[in-house]
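What follows is one structure encoded as structure tokens, with my remarks underneath.
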Amino acid sequence: MAEPVPQVVAQMPKAKLIGLLALFLGPAVVIYSAFSIYPLLATMQLATFTGESGGGVHFVGLANFHTLLTDALWSKPFWNAFKNNMIFFAIHMAVQNPIGIALAGLLSLPGLKLKSFYRTVFFLPTMLSVVIVGFSWNLILSPLWGVAKGALTVVGLGSWFAPWLGLESTALVTLALMSVWQFVGIPMMLIYAALLNIPDELVDAARVDGLGQIRIFFHIKLPLVLPTIGLVSVLTFVGNFNAFDLIYSVKGALAGPNFASDILGTFFYRTFFGNQLQLGNPTMGSAVATVMFFIILAGVCVYLFVVQRRMRRYTF
Amino acid sequence: MLLEQRARSLAVHAVLVAYSALALGPILLVVMNSFKARNAIFDSPLSPPDSSTFSLIGYAKVFRASHIVVYFENSLIVTMVSMGLVLLFGAMAAWALSEYRFRGSTALGLFLSIGIMVPIRLGSVAILNMMRTLGLNDTLTALILVYIAQGLPMAIFILSEFIQQIPMDLRDAARCDGVPETRIFFEVIAPLLRPAIATVAVFTIVPIWNDLWFPLILTSSDSTHTITLGVQQFLGQYITDWNSVLAALSMAILPVVVIYVIFSRQLIAGLTSGAVK
């Protein structure tokens, strides 16, 4: 897309152009570099140092990473958090995205009434703070209040109820489902927009050929929105491997019971900021942040080079 | 045929109504019970407050026992200042990037878009060190600086796409009249950006208002806590006092819901890049 440089700009004296660029780009570039890119690089650099008892630091190369990945004291909680994070992500992929796709599919049905009402309602939880969502569900699922148990009893499943958030076996899944409840609006909205962009002729042609709405959805619409589903997946990945607020609000920094709900975000927070059990360790914290950075980078690369390349966007 | 169509439409609505109940239920339950006396909260959680169960005791307690007004003020200041500066600096940068093509402008555009995918949280260790060195630890300024850096990449991305759609004639006409470049931006271009501003504002405001991480790390005193952190700490402290907990939750929920309902149309249009009419 070789856009011709506007004449006036091309004829501008060099000094004037530089002055204008400094004026317009300066504030954004300075603040963004100083408070986003620089800290990221400085954190990676700090990960190659270790703290001394006197307060200084000295260079240790990749030793922190070696400790993090192999020393049982560090590697056990790290791999536990990593595994839990993968489960957290898998639940989002398996539950959040299919529900989002299904809701988007229903909302995009031609001639549906109350469309904007449903849209507004479904997206509402996404707008709320994770803290609020966490605490609200905490109360609802609490055996003390008994709302969840009451609701299950009404549909005859009262015996299923258990203090899910308190059990080692179910805490993580419950928290993941709370997060799904909150964020299902994002895949729904993005896929809904993609569905609306499908040209009417395609759908009409299929209808003339006698296909029903369900088959039109699965055979025509769904394949066309695959690129959006790829985008939604990478957004989910980045969000999940960066998650912290929900677990911290509901379970605290120790991500109980017995670290069953610990994910990389809470592990990073404990390592770098400290908690009841340990002092904060900025250099090891930096190492954890660096590993998280590479995990997120790997996810984004998979998306850019594998997913997006395979699925050529349908050009309308 | 007609009957079958009606049955199908009914089934679709049944599913959508059921999901609406799932999405709204928990929020309604919390807000409803926050207006009830303690006994009624436990005895009949599902019934709305009536004249015998209505009580504002939780709200009274929240106002008495926490600095909720200060938290609100802090959140408002941080969110509004960050949003204003993200919009201003973001629009200026987007304009320069799309209007003045220079060597390295593509590279600079890419550099500025790193922040869309890479979360700024990962630099927290260094951010905390920097703020301590700069003497900004435990100030709202620290939060504002971080939030501007966090909001800029997305703002520049959205505004650039928008600026490219503005017809060339407008600024060319202004240039022929000898209007200086700065005035072209502030007087000709900036007013045209209004529709995109709503989208950018929502993308900026929601994450800042709801953020727990940076207030937790960068602020340590009650006078600098934001509403999200303030409520989080209040809830942790009073977890057994159900009236107060429900009231604090409702007070955090209601402003967001009111603003969302007012702006939901622009928000959804922005999210879906205008595909939804």
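One table, with the values for the structure above:
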quantity	calculated
Single condition A:Ile18 does not satisfy, out of (1) touching a helix residue (DSSP H, G or I) at 6+ places or on another chain (Cβ under 9 Å); (2) surrounded by fewer than 18 Cβ atoms within 10 Å (Cβ to Cβ); (3) under 30 Å from B:Ala93 (Cα atoms)	(1)
Hey, A:Ala148 closer than 30 Å to A:Val306 by Cα, touching a Phe, Trp or Tyr at 6+ places or on another chain (Cβ under 7 Å) and not charged (D, E, K, R) or not	no
Positions within the range B:130-169 being part of a loop (DSSP other than H, G, I, E, B) and either at negative phi or in contact with a strand residue (DSSP E or B) (Cβ under 9 Å, 6 or more places away or on another chain) (or both), in sequence order	B:Leu134, B:Leu136, B:Asn137, B:Thr139, B:Gln164, B:Gln165, B:Ile166, B:Pro167
Selection from the range B:77-95 of residues that are surrounded by 24 or more Cβ atoms within 10 Å (Cβ to Cβ) and over 27 Å from A:Ile296 (Cβ atoms)	B:Ala91, B:Trp95
Residue count, the range B:215-232 (criterion: of a type in the set (S, T, N, Q) and either surrounded by 24 or more Cβ atoms within 10 Å (Cβ to Cβ) or touching a Leu at 6+ places or on another chain (Cβ under 8 Å) (or both))	5
Scope the range B:115-144; condition crowded, with 21+ Cβ neighbours inside 10 Å, at the interface with chain A (Cβ under 8 Å from one of its Cβ atoms) and either among the β-branched types (Val, Ile, Thr) or more than 19 Å from A:Ser286 (Cα to Cα) (or both); matching residues	B:Ile120, B:Val125, B:Ile127
Residue in the range B:192-212 that is more than 19 Å from the chain's Cα centre (by Cα) and surrounded by fewer than 17 Cβ atoms within 10 Å (Cβ to Cβ) present	yes
Single residue of B:Ala14, B:Ala37, B:Ala65 found to be among the small types (Gly, Ala, Ser), on the phi < 0 side of the Ramachandran plot and within 31 Å of the chain's Cα centre (by Cα)	B:Ala65
B:Ala18 modelled with pLDDT of 90 or more, loosely packed, with under 14 Cβ neighbours inside 10 Å and within 18 Å of A:Met188 (Cβ to Cβ)	yes
Exclusive hit being crowded, with 24+ Cβ neighbours inside 10 Å and either out of contact with any His (no Cβ under 7 Å at 6 or more places or on another chain) or of a type in the set (A, V, I, L, M) (or both), set A:Leu264, A:Leu254	A:Leu264
A:Val130 being touching an Asp or Glu at 6+ places or on another chain (Cβ under 6 Å), facing chain B (nearest Cβ under 9 Å) and more than 30 Å from A:Ile214 (Cβ to Cβ)	yes
Positions within the range A:84-117 being within 9 Å of chain B (Cβ to nearest Cβ) and touching a residue at least 12 places away in the same chain (Cβ under 8 Å), in sequence order	A:Ile99, A:Leu103, A:Leu107, A:Leu109
Residue match in the range B:261-276 (condition: among the hydrophobic types (A, V, I, L, M, F, W, C), assigned by TED's automatic domain parsing to the domain that holds B:Trp95 and out of contact with any helix residue (DSSP H, G or I) (no Cβ under 8 Å at 6 or more places or on another chain))	yes
Meets criteria (in contact (Cβ under 8 Å) with a residue 60 or more places away in the chain, touching a helix residue (DSSP H, G or I) at 6+ places or on another chain (Cβ under 7 Å) and more than 10 Å from chain B (Cβ to nearest Cβ)) for A:Ile247	yes
Tabulated pairs, the range A:270-281, first within 15 Å of B:Ser124 (Cβ to Cβ), second in a helix (DSSP H, G or I) and of a type in the set (Gly, Ala, Ser), C-beta under 8 angstrom, 6+ apart or interchain	A:Thr271/A:Gly285; A:Phe272/A:Gly285; A:Phe272/A:Ser286; A:Phe272/A:Ala289; A:Phe272/B:Ser124; A:Phe273/A:Gly285
Any chance A:Phe49 is surrounded by 18 or more Cβ atoms within 10 Å (Cβ to Cβ) and within 20 Å of the chain's Cα centre (by Cα)	no
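Residues checked against (1) modelled with pLDDT of 85 or more; (2) part of a helix (DSSP H, G or I); (3) among the aliphatic types (A, V, I, L, M); (4) within 17 Å of the chain's Cα centre (by Cα):
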{"site": "A:Asn258", "(1), (2), (3), (4)": "yes, no, no, no"}
{"site": "A:Ser261", "(1), (2), (3), (4)": "yes, no, no, yes"}
{"site": "A:Gly265", "(1), (2), (3), (4)": "yes, yes, no, yes"}
{"site": "A:Phe272", "(1), (2), (3), (4)": "yes, yes, no, no"}
{"site": "A:Ser286", "(1), (2), (3), (4)": "yes, yes, no, no"}
{"site": "A:Phe293", "(1), (2), (3), (4)": "yes, yes, no, yes"}
{"site": "A:Ala298", "(1), (2), (3), (4)": "yes, yes, yes, yes"}
{"site": "A:Cys301", "(1), (2), (3), (4)": "yes, yes, no, yes"}
{"site": "A:Thr315", "(1), (2), (3), (4)": "no, no, no, no"}
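The values are calculated or read from the model by the stated rules, or taken from the named source; none is laboratory data. This is a predicted model, so every value here is computed, not measured. When we count neighbours, we look across all protein chains shown, and the Cβ atoms used for this are built from the backbone with ideal geometry, even at glycine.
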